[in-house]
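Chemist: A single structure is presented below for examination.
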Amino acid sequence: MTGDGTGATPESDADIVVAQGTFDILHPGHLHYLRDAKAMGDRLVVIVARSTNVTHKASPVVPGPQRREMVAGLDPVDEARLGHPEDIFAPIEELDPAVIALGYDQHHDAEAIRAALADRGIDCAVRRASAHEPDYEGLLSSGRIVDRILDERG
């Protein structure tokens, strides 16, 4: 991998940005993250985590293909795909992005990601999106939305 950010499609000279996440129940924090990520390059590809790969929190409520479809429909997103079932770095190797954009509050360790990328010969920047500061009282967590539903209707 050269890390030149040209991606897997030869017709594109665009700087590819990869964002990733579970995107279980979409909320304004997700949209803010994806807008920030899109601003880091020319083309935004979002990798939606497969349910089996979500181990740091409760399993998603919404099935993976449906989450992928919802993310694909958002304006900042040029392409959305489900992650690899076993190797989270396989799509990164295929896409050869210029930037991997991490969410403001995602649990990922940027330095550990940089080291794993270097071990695979992938040269790309790892950047973190800014925090979303809504001007209203919003639920900026899928888990909090689920909790609110259970409180209100459970």
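Every number in this text was worked out from the coordinates using simple rules, so none of it is lab data. If you're wondering where the values come from, they're calculated on a predicted model, not measured in any experiment. Cβ atoms come from the backbone with ideal geometry, glycine included; neighbour counts cover every protein chain shown.
Chemist: Tell me the net charge near N53. Cut-off is 11 Å between Cβ atoms, N53 excluded, with +1 for each Lys or Arg and -1 for each Asp or Glu.
Modeler: Value of the local net charge: -1.
Chemist: Still on this structure, please answer the following. Give me Rg over Rh for the chain, both radii from the alpha carbons and Rh done the Kirkwood way, two decimal places.
Modeler: Reported Rg/Rh (Cα atoms, Kirkwood Rh): 0.97.
Chemist: Give a residue-ordered list of calculated ³J(HN,Hα) values for the stretch 80-87 (Karplus: 6.51 cos²θ - 1.76 cosθ + 1.60, θ = phi - 60°; whole Hz; x for Gly, Pro).
Modeler: The phi angles translate into 10, 9, 6, x, 5, x, 10, 10 Hz.
Chemist: If one computes the Cα centroid of the stretch 13-46 and of the stretch 95-154, what distance in Å separates the two points?
Modeler: 10 Å
Chemist: Restricting to DSSP H runs of at least four residues, report the calculated mean residue ellipticity at 222 nm for the chain, -39500 (n - 2.57) per run over all residues, nearest 500 deg cm²/dmol.
Modeler: -9000 deg cm²/dmol
Chemist: Moving on. Within the stretch 48-115, report the GluC sites (Glu not before Pro) that DSSP leaves as loop and that have at most 12 other Cβ atoms within 10 Å.
Modeler: Of the GluC sites (Glu not before Pro), the ones in loops of the stretch 48-115 whose Cβ has at most 12 other Cβ atoms within 10 Å are E86.
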